[in-house]
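Everything on this sheet refers to the single structure shown next.
Every number in this text was worked out from the coordinates using simple rules, so none of it is lab data. All values reported here derive from a predicted model rather than from experimental measurement. Cβ placement follows ideal geometry from the backbone for every residue including glycine, while neighbour counts extend to all protein chains displayed.
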Amino acid sequence: MDFDVERVELPANVAIASGIIRQSWPPSFPLCREDYLDWFFSFPSPLHPLGVLVYGEGHPVGFGALVPRRVRLAGQATAYVYLLTLISVLPSWRRHGVGLLLYKKLFALSAERSIPFLAFTEQGGPGENLLRRACSVHAMPHRELASHVGYAALTHSDNPGGQIGVRMTQDASELLTVLERRATDNAILDEADASGLSHWKACPLPHRVALFSHPAEGLLGGAILTRRRFAGSDGDGEKLVAERAILPGATPEALGALRYAAGQSWADGGRFSTVLSTNLGPVPPEIIRRGGFRRLPIGSYRVFVGANDPSCPFLSADQTDLNVS
Ligand SMILES: CC(C)(COP(=O)(O)OP(=O)(O)OC[C@H]1O[C@@H](n2cnc3c(N)ncnc32)[C@H](O)[C@@H]1OP(=O)(O)O)[C@@H](O)C(=O)NCCC(=O)NCCS
């Protein structure tokens with residue numbers, strides 16, 4: 001079967017992308033809203049996001065994207081990577097090599113620009129095999145990083161964080177000083193700057209930022225909490241997600257403060273009894289457990305870094321705190 005592959009501008013082609021994503025992913029996948037994708041593709045960056053469409057019989061049947069994010073590897077200057085993401089093929093067009101074609105083009109675009117990529121695949125999901133096969137078929141140097149694990153915790157209406165106080169804000173740029181406190185070796189760290197963090201103000205999902213402070217030690221950490229709509233077997237419902245949890249030197253008390261922040265009512269009266277996270281950052285599992293978070297059987301992601309140049313220092317990283325979405 002013959003296919004045409006085309007590079008397209010983003011977010012200009014977000015409507016086509018959203019249509020393909022909506023038909024390709026399970027209904028539980030919350031990232032197909034056009035306004036959300038538009039925002040996701042529009043983080044301030046000197047690089048443009050790149051989209052790839054595959055056409056079969058003249059119609060778009062597959063989509064994938066490279067979305068720039070600012071990062072830093074310990075000991076190196078800040079740099080950009082692409083999130084290689086949203087790989088989607090319409091169900092009736094699967095098993096004809098469209099997925100492999102998408103990767104081929106996306107690898108080539110990232111290699112032409114000498115920008116490494118990070119890719120996330122749901123553990124055990126159909127994307128995992130495909131990405132491994134694509135790296136092998138297209139001889140793409142890559143490395144698998146520590147997986148991002150899905151966790152859930154019960155929220156708290158009293159603060160179990162001891163002396164750690166919680167302050168809510170709408171301004172994610174207040175997280176900048178927390179980002180500066182991370183010191184994790186061999187990690188590709190999300191190095192969003194003030195303009196990147198401020199972009200959260202435009203996020204179309206209901207969200208807020210929680211800041212955790214200790215009276216003597218000052219600001220300890222923070223998290224961006226979003227309300228995401230998931231469609232499930234029990235109907236359409238909202239869940240609370242700790243989208244970015246930045247907890248340098250996290251203690252069980254700091255995670256308690258996160259659960260307390262997650263348990264606060266919203267202006268519309270909404271309140272959540274559980275909070276989900278797919279990325280608590282490089283916090284030791286024992287601290288996570290003592291902080292009241294439990295590993296979920298689903299919602300874990302394998303994380304890959306790839307770079308055309310085998311000597312790229314990113315290929316020696318072990319982990320990243322950059323998020324899948
Ligand atoms: C994962 C996904 C992108 C794969 O797309 P696809 O177009 O079917 O991918 P390919 O055709 O390149 O490869 C898929 C399988 O078809 C097989 N295949 C490819 N061409 C074939 C052909 N002509 N005849 C028979 N089988 C073929 C491949 O060997 C592969 O088999 P494997 O899964 O056993 O390794 C698609 O299933 C999808 O959109 N899923 C939902 C979203 C998702 O999970 N995305 C992954 C994000 S990480």
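Shape call for segment 151-295 from the C-alpha gyration tensor, a ≥ b ≥ c root eigenvalues: rounded (a/c under 1.5), prolate (a/b greater than b/c) or oblate? Cα axes put segment 151-295 in the rounded bin. Based on C-alpha pairs under 8 angstrom that are at least 6 apart in sequence, the chain has a relative contact order of 22 percent.
Annotation for segment 258-303: trypsin sites (Lys or Arg not before Pro) lying in DSSP loop with at most 13 further Cβ atoms inside 10 Å of their Cβ are Arg271. With loop membership from DSSP and a limit of 13 other Cβ atoms within 10 Å, the longest segment of the chain without GluC sites (Glu not before Pro) is 58-216.
Here the contact order of segment 151-295, divided by its residue count and restricted to Cα pairs under 8 Å and six or more residues apart, works out to 33 percent. Counted as membrane-span-like here are DSSP H helices of the chain whose alpha-carbon atoms extend 24 Å or more along the helix's own axis and whose Kyte-Doolittle mean is 0.5 or above; there are none. For the chain, with a Gaussian network of springs between Cα atoms less than 10 Å apart, report the residue from Leu175, Leu90, Leu211 with the top mean-square fluctuation. Among Leu175, Leu90, Leu211, the largest mean-square fluctuation in the Gaussian network model of the chain belongs to Leu90.
How would Ile87, Ile21 line up from fewest to most surrounding beta-carbon atoms within 10 angstrom? It would help to have the intermediate numbers written out before the result.
Numbers: Ile87 25, Ile21 21.
With the sparsest Cβ surroundings first, the list reads Ile21, Ile87.
Residue exposure proxy: Lys105, Lys239, Lys201, ordered by other Cβ atoms within 10 angstrom of their Cβ from fewest to most, comes out as Lys201, Lys239, Lys105. Going by neighbour counts of Cβ atoms within 10 Å, the residues Thr320, Thr251, Thr184 line up, fewest first, as Thr184, Thr251, Thr320. Each label point was placed 7 Å from the Cα along the Cα-to-Cβ direction; for Ala74 and Glu112 their separation is 3.6 nm.
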